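Take a look at the structure set out below.
The values are calculated or read from the model by the stated rules, or taken from the named source; none is laboratory data. Computed from a prediction, not measured in an experiment: that's the story for all the values here. Cβ atoms come from the backbone with ideal geometry, glycine included; neighbour counts cover every protein chain shown. Heads up: the accessible areas ignore ligands, DNA and RNA and are worked out on the full protein's heavy atoms, side chains in. Shrake-Rupley method; radii C 1.70, N 1.55, O 1.52, S 1.80 Å.
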Amino acid sequence: MKRRLRSGLSASLLAVAACVALHSPDSLAARAAQTILKETCQGCHTPEADNALSRISHQRKTPEGWLMSIARMQTMHGLQISDDDRRTLVKYLADTQGLAPSETDGVRYALERRLNTVEKFDDQTSQMCGRCHSGARVALQRRPAQEWERLVNFHLGQWPSLEYQALSRDRDWFDLARKDTVPLLAKRYPLDNPAWKKWLSTAPKAEALVGDWSFSGHLPGKGELAGVMSVTADGSDTFKVSVKGQYADGSPFNGDGSAILYTGYEWRGNVIIDGVTMRQVFAAQGNAMRGRMFEAEHDERGLDFVAAKQGSSRLLAVQPGYLKAGVETEITLIGSGLTGKPNFGKGVEVVEVLEQSPERLRVKLKAAANAQPGLRNVTVGTLKGPTLSVYSKIAEVKVVPEFSVARVGDGGGSTPKVQGRFDAEAWGKGADGKPYRIGVFPAQWSVEAFDDRAKEDEDVKFAGTMQADSGVFTPGDAGPNPQRKMSTNNAGNLKVIAAVDDAGKSLTGEGHMIVTVQRWNNPPIP
Ligand code: HEC
Ligand code: HEC
């Protein structure tokens, strides 16, 4: 397939401007990248004014987005490039043609590999572009109309059967894509955006991230954790990382690794925790890092992560984040610069400060028996942010994620199983009658057939096993199962049930999990 690769000007100016801030144009890495672009890309991508190349210079995207484009050049167009050169290019392109932090807001779940996210886009985008891959893949790119249109052309050219596929043949996909979707995308996700120019000129230097970071996290099926992540410089925009932490149940969370910073804030780390490689996908801005840390081989096993640089002042988390009226409980505040006096709002008394360091403040609290149910703003001196839930009675239990996908695996195949991992969230009813989130509670977990079909096919028996006390579901082996009707595989359609005990009363919540086949095509951005 031949495509016309034509030029445009605004983006090349942008690329030049970009070099100045995040990459001095004559830095070694920038020169190496420009040489690679010339030697490996220019054969097909036409040179344009201001050192630009057709197509390449007219798009901005995340490091993962650039990696996917170049990997696609290799698989679809026979591009030859070494892994080292590809790394150099991804770094350079993400730095000079990346996305501003505000441009990734709301769609970072795709980078963080939260694959159970149920996306919310307008109907047009979901139906036209969100049926084969995530809508986030689209929302994480910036292009002028012409480049969006070429992307549409590429889709139909590469997959001519697209228009006959289910969920596409209900409409004139190609015509609608060109006439409606392209203008919409060009307006919503334009190449030229003041936020990006501003970020290029204000992005802090990578050195600003060197130091000790106090962190807090939560791993579904395991609980909360906290600790310190030490970051030392190891080359330009690359770091050595050492993590020392502990779960609330006392088990350790320690390890070492490395990280690289793209685009001035896109932190990507690899840390080995107790022999298991975990990836870090964080947005690092100023004195805060936020994102997700997950196992490289099992991205469903991951924790929400927030960190504050030591020396700065920030209140990150309240662990646990709830307290029952009339009851005394120990609560730990995590952050940095926690030097002031803690306050937990109306009806909550600090009985005793058990431990206070700038990173940790452990207190014994008591909520009055008649304390009003609802959220309290927690403060330490002038620091604020997180809330504490006061409750007297749980009104409702929710299974999180409400809808999820687990996948069969192993069984002699090359793909590991994808587990289901759940939290039981308790919700209360506030004085105003409105529901409020109390927090994650221990629960007893089970699965049931989702419908009659699942019952008849004995999905509960074959699809996998739910660990009763942790909410971790391990699917069955991959491959046909002679014990099942027509030797089908261990797929299933299940209800996920959490039973939470509230003072002797059991409340249940229900979620939905599909156990399905392996994900064979698993690019960095789903
Ligand atoms: C053998 C020819 C060839 C080489 C070499 C090549 N490309 Fe491409 N590239 C294409 C073609 C053809 C298209 C348009 C069709 C498509 O998008 O696949 C394209 C499109 C692109 C696009 C636009 C994709 C999109 O999503 O719209 C980017 C970005 C890109 N190339 C980057 C690169 C980079 C970076 C290199 C060098 C590392 C490179 N290409 C090398 C042939 C090539
Ligand atoms: C028929 C299924 C299908 C539909 C519909 C679809 N895509 Fe794609 N899209 C793909 C596939 C397959 C790829 C290539 C994935 C890969 O390389 O791993 C892709 C890749 C992409 C990429 C990454 C390209 C790159 O190289 O950077 C973007 C961006 C994208 N699609 C946007 C869109 C938009 C916008 C729409 C709606 C107008 C859309 N897609 C509709 C299947 C689809």
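Work out, step by step, the length gained on full extension between Asp83 and Glu458: first 0.36 nm times the residue separation, then minus their alpha carbon distance; give nm to one decimal.
On the way: separation 375, 0.36 × 375 = 135.00 nm, distance 4.68 nm.
Full extension from Asp83 to Glu458 adds 130.3 nm.
Give me the percent of the accessible area of region 76-195 that comes from carbon and sulfur atoms, probe 1.4 Å, all protein chains in place.
Numbers: 2970 of 5790 Å².
Carbon plus sulfur share of accessible area: 51 percent.
Just the Cα atoms of region 396-516, one point each, no solvent: what log10 I(q)/I(0) does Debye give at q = 0.12, 0.14, 0.17 Å⁻¹?
Log10 of I(q)/I(0), two decimals: -0.47, -0.61, -0.81.
Quick one: check the C-alpha center-to-center distance for region 425-496 versus region 319-386, whole angstrom.
That distance is 35 Å.
Can you give the FRET efficiency for Thr277 and Glu328, using 1/(1 + (r/R0)^6), R0 = 41 Å, r = Cβ-Cβ distance, to the nearest 0.05? Please list the in-between numbers first.
Values: r = 41 Å, r/R0 = 1.00.
E between Thr277 and Glu328, to the nearest 0.05, is 0.50.
At a threshold of 8 angstrom on Cα-Cα distance, excluding pairs fewer than six apart, so keeping six or more, what relative contact order does region 417-491 reach in percent?
On the way: 116 pairs, mean separation 22.3, N = 75.
Value for region 417-491: 30 percent.
Take every Cα-Cα pair in region 102-203 and report what % of them are more than 19 Å apart.
Numbers: 2439 of 5151 pairs.
More than 19 Å apart: 47 percent of the Cα pairs in region 102-203.
For the chain, what does -39500 (n - 2.57) per DSSP helix run (n ≥ 4), summed and divided by total residues, give at 222 nm, in deg cm²/dmol to the nearest 500?
Values: 14 runs with 114 residues, N = 526.
Taken over the chain, the calculation gives -6000 deg cm²/dmol.
I'd like the Karplus ³J(HN,Hα) series for region 405-418: coefficients 6.51, -1.76, 1.60, θ = phi - 60°, whole numbers in Hz, and an x wherever there's a Gly or Pro.
10, 10, 9, 5, x, 6, x, x, x, 8, 10, x, 5, 9
How many nm is it between the label spots at Lys197 and His298, if each spot is 7 Å from the Cα in line with the beta carbon?
Output for this residue pair reads 4.9 nm.
Run through all the Cα pairs of region 188-305 and give the fraction in each 5 Å bin from 0, expressed as whole percent.
Distribution as computed: 2, 11, 20, 24, 16, 11, 8, 5, 2, 0 percent.
For labels at Ser470 and Asn254 in the simple 7 Å Cα→Cβ model, what's the distance in nm?
2.1
For the chain, find the longest principal axis of its Cα atoms and tell me its angle to the long axis of helix 145-158, 0 to 90°, nearest 10.
Compared with the principal axis, the helix lies near 90 degrees.
Using only Cα atoms and rounding to the nearest 10 degrees, what angle (0 to 90) does helix 83-96 make with the longest principal axis of the chain?
Relative to the chain, helix 83-96 is tipped by roughly 80 degrees.
Would you mind putting 462-475, 258-271 in packing order, based on average other-beta-carbon counts within 10 Å, highest first? Provide the component values of the computation, followed by the final result.
Working: 462-475: 18.9, 258-271: 21.6.
Highest to lowest by the protection proxy: 258-271, 462-475.
Considering all alpha-carbon pairs of the chain, what whole percent are spaced by more than 37 angstrom? Intermediate values should be presented prior to the final figure.
Details: 54322 of 138075 pairs.
Here the long-distance tail beyond 37 Å is 39 percent of all Cα pairs in the chain.
For region 329-391, what is the relative contact order in percent, using Cα pairs closer than 8 Å and at least 6 residues apart in sequence? Mind showing how you got there, number by number?
Numbers: 135 pairs, mean separation 22.3, N = 63.
For region 329-391, the relative contact order is 35 percent.
Distance between Cα centroids, region 247-293 to region 96-153: provide it in whole Å.
The two parts, judged by their Cα centres, are 24 Å apart.
Taking only Cα atoms, what is the 0 to 90° angle, nearest 10, from helix 63-77's long axis to the longest principal axis of the chain?
50
Counting only heavy atoms of the protein chains, get the accessible area per residue of the chain (1.4 Å probe) and round it to a whole Å² value. Walk me through the numbers before you get to the answer.
Numbers: 24900 Å² over 526 residues.
So the chain comes to 47 Å² accessible per residue, rounded to a whole number.
How far apart, in nanometres, would the label points at Val517 and Asp501 be if each is projected 7 angstrom from Cα along the Cα-to-Cβ direction?
4.3
Would you please state which residues of region 365-388 a label at Leu354 would reach in this model, taking the label point 7 Å out along Cα→Cβ and a backbone N cut-off of under 13 Å?
Output list for this probe position: 365-366.
Hey, what did the chain get for relative contact order, percent, Cα under 8 Å, at least 6 apart? Mind showing how you got there, number by number?
On the way: 1155 pairs, mean separation 51.3, N = 526.
In percent, rounded to a whole number, it is 10.
Under the rule of at least 5 residues apart or a separate chain, name every residue whose amide H is placed under 5 Å from the amide H of His512.
Phe403, Ser404, Val496
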